[in-house]
1. Pairs only if they're at least six apart or on different chains, beta carbon under 7 angstrom, first in the range 153-169 and in the same structural domain as ALA114 (by TED's automatic domain parsing), second outside any helix (DSSP H, G or I) and among the basic types (Lys, Arg); list them, first residue then second.
2. I'd like to know if the range 102-109 contains one or more residues that are assigned to a loop (DSSP other than H, G, I, E, B) and either free of Cβ contacts under 8 Å to residues at least 60 places away in the same chain or outside the structural domain of TRP164 (by TED's automatic domain parsing) (or both).
3. Any idea which of ASP247, ASP196 is part of a helix (DSSP H, G or I) and in contact with a Leu (Cβ under 9 Å, 6 or more places away or on another chain)?
4. Which residues, counting only those in the range 213-239, are basic (Lys, Arg) and at pLDDT 95 or above?
5. Pick from the range 52-68 the residues that are assigned to a helix (DSSP H, G or I) and hydrophobic (A, V, I, L, M, F, W, C): which of them is surrounded by the fewest Cβ atoms within 10 Å (Cβ to Cβ)?
6. What number of residues within the range 140-175 are assigned to a strand (DSSP E or B) and either modelled with pLDDT of 95 or more or surrounded by fewer than 19 Cβ atoms within 10 Å (Cβ to Cβ) (or both)?
7. I'd like the full set of residues that are among the basic types (Lys, Arg) and either without any contact (Cβ under 8 Å) to a residue 40 or more places away in the chain or touching a Gly at 6+ places or on another chain (Cβ under 7 Å) (or both), limited to the range 202-233.
8. If we scan the range 178-188, do we find a residue that is assigned by TED's automatic domain parsing to the domain that holds ALA18 and within 20 Å of MET47 (Cα to Cα)?
Amino acid sequence: MTNTAQAGAHAAPAAGPAVLGWFEPGTADWHAARAAGIGGSEIAAVMGISPYESRFSLWHRKQGLIAPVEESEEMFWGKVHEPAICRRFAQLHPELNISSSPTYAAGDRPWQIANPDRLIVPDHLFDLEPPTAIVEAKTARDEHGWGKAGTDEIPVHYRAQALWYLDVLQVSRCHVAVLIAGSEYREYVVDYDETDALAMREAGAEFMRTVRQHERPDIDGHAATFQTIKALPEGQDDIDIEVSQADRDRYFAALDAAKAADTEKRAAAGVLLDQIGTGRRAVHDRSTVATRTVRDGRTHSLQPARTRSTS
């Protein structure tokens, strides 16, 4: 990391966070406010822990080389359910003053952006009072990655987002309210962790340096990276491009390995299905290994357990 990046990462804000404005998530103004910085939903990509975005794809978005992330069905329904989840949180905590939130930037790190779903403020009569905590609303198809309610056991990319916001707003607690499978409401807490926050701040400062200096990240195996590479060229020239022997051999070896892995996967799944018979689940030591689904009376698929234990 350069000295400039280190200074920007380590420095604690001399003043409170700056308000950039009030923007509807996903709008052009919202994207513009985040274009020159890193938002809470983006820091996980910088850290290499996002299931949706890679450092490579995020870097290209920051360079304006590919379009902003298109709204998926998951993103759409998350946005639709957010107000209801926040209302439920407020109903269950009448002792708290809940308010909407603007978009913030850290006091002396304008590239560190925070857009919390809700703020918990000392007194709703004083809009200028700094928040005492924040609230994030999430939706999930199932409980994978979500631990026991009341703990801090949430998916790692959501934890990174919460810590990012806490670091910007200089508050110590984020309440995470999640609606699982459309009907199960749970709450979790994420408390500020200075060590983790500093690590993300340093990674963010370094990432922004590479954006400014046009240093493209290495290609990795993330699906978002591959989609970015596919999106970059336009048109087709009827020419041959020479590639290195090493890259050729790596590609062929990966194809062979994938074919062998698919064959072994089918064989292993067949062994389990044969043992399950007309049952529903394969279990070991009281833990689910895989679940058999049925359609029209016949086996449709074998779904692996989300959480795997090999102990």
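The values are calculated or read from the model by the stated rules, or taken from the named source; none is laboratory data. Here the structure is a predicted model, which means the values were calculated and not measured. Note that each Cβ is placed from the backbone with ideal geometry, even for glycine, and that neighbours are counted across all protein chains shown.
1. Every condition considered, the pairs that remain are TYR158/LYS138.
2. Step one: of the range 102-109, the residues assigned to a loop (DSSP other than H, G, I, E, B) are 102, 107-108.
Pick out the ones that are also either free of Cβ contacts under 8 Å to residues at least 60 places away in the same chain or outside the structural domain of TRP164 (by TED's automatic domain parsing) (or both) and you get none.
Within the range 102-109, not a single residue is assigned to a loop (DSSP other than H, G, I, E, B) and either free of Cβ contacts under 8 Å to residues at least 60 places away in the same chain or outside the structural domain of TRP164 (by TED's automatic domain parsing) (or both).
3. Working: ASP247 fails: in contact with a Leu (Cβ under 9 Å, 6 or more places away or on another chain).
Result: ASP196 is the single residue among ASP247, ASP196 that is part of a helix (DSSP H, G or I) and in contact with a Leu (Cβ under 9 Å, 6 or more places away or on another chain).
4. ARG216
5. Taking the range 52-68 first, the residues assigned to a helix (DSSP H, G or I) are 55-62.
Among the residues that remain, those that are also hydrophobic (A, V, I, L, M, F, W, C) are: 56, 58-59.
Numbers: PHE56: 20, LEU58: 26, TRP59: 22.
Filtering the range 52-68 for residues that are assigned to a helix (DSSP H, G or I) and hydrophobic (A, V, I, L, M, F, W, C), the one surrounded by the fewest Cβ atoms within 10 Å (Cβ to Cβ) comes out as PHE56.
6. Total satisfying the criteria: 3.
7. Of the range 202-233, the ones among the basic types (Lys, Arg) are 209, 212, 216, 230.
Hits for the range 202-233 are ARG212, LYS230.
8. The first filter runs over the range 178-188 and keeps only residues assigned by TED's automatic domain parsing to the domain that holds ALA18, leaving 178-188.
With the extra rule that they be within 20 Å of MET47 (Cα to Cα), the set shrinks to none.
No, because not a single residue in the range 178-188 is assigned by TED's automatic domain parsing to the domain that holds ALA18 and within 20 Å of MET47 (Cα to Cα).
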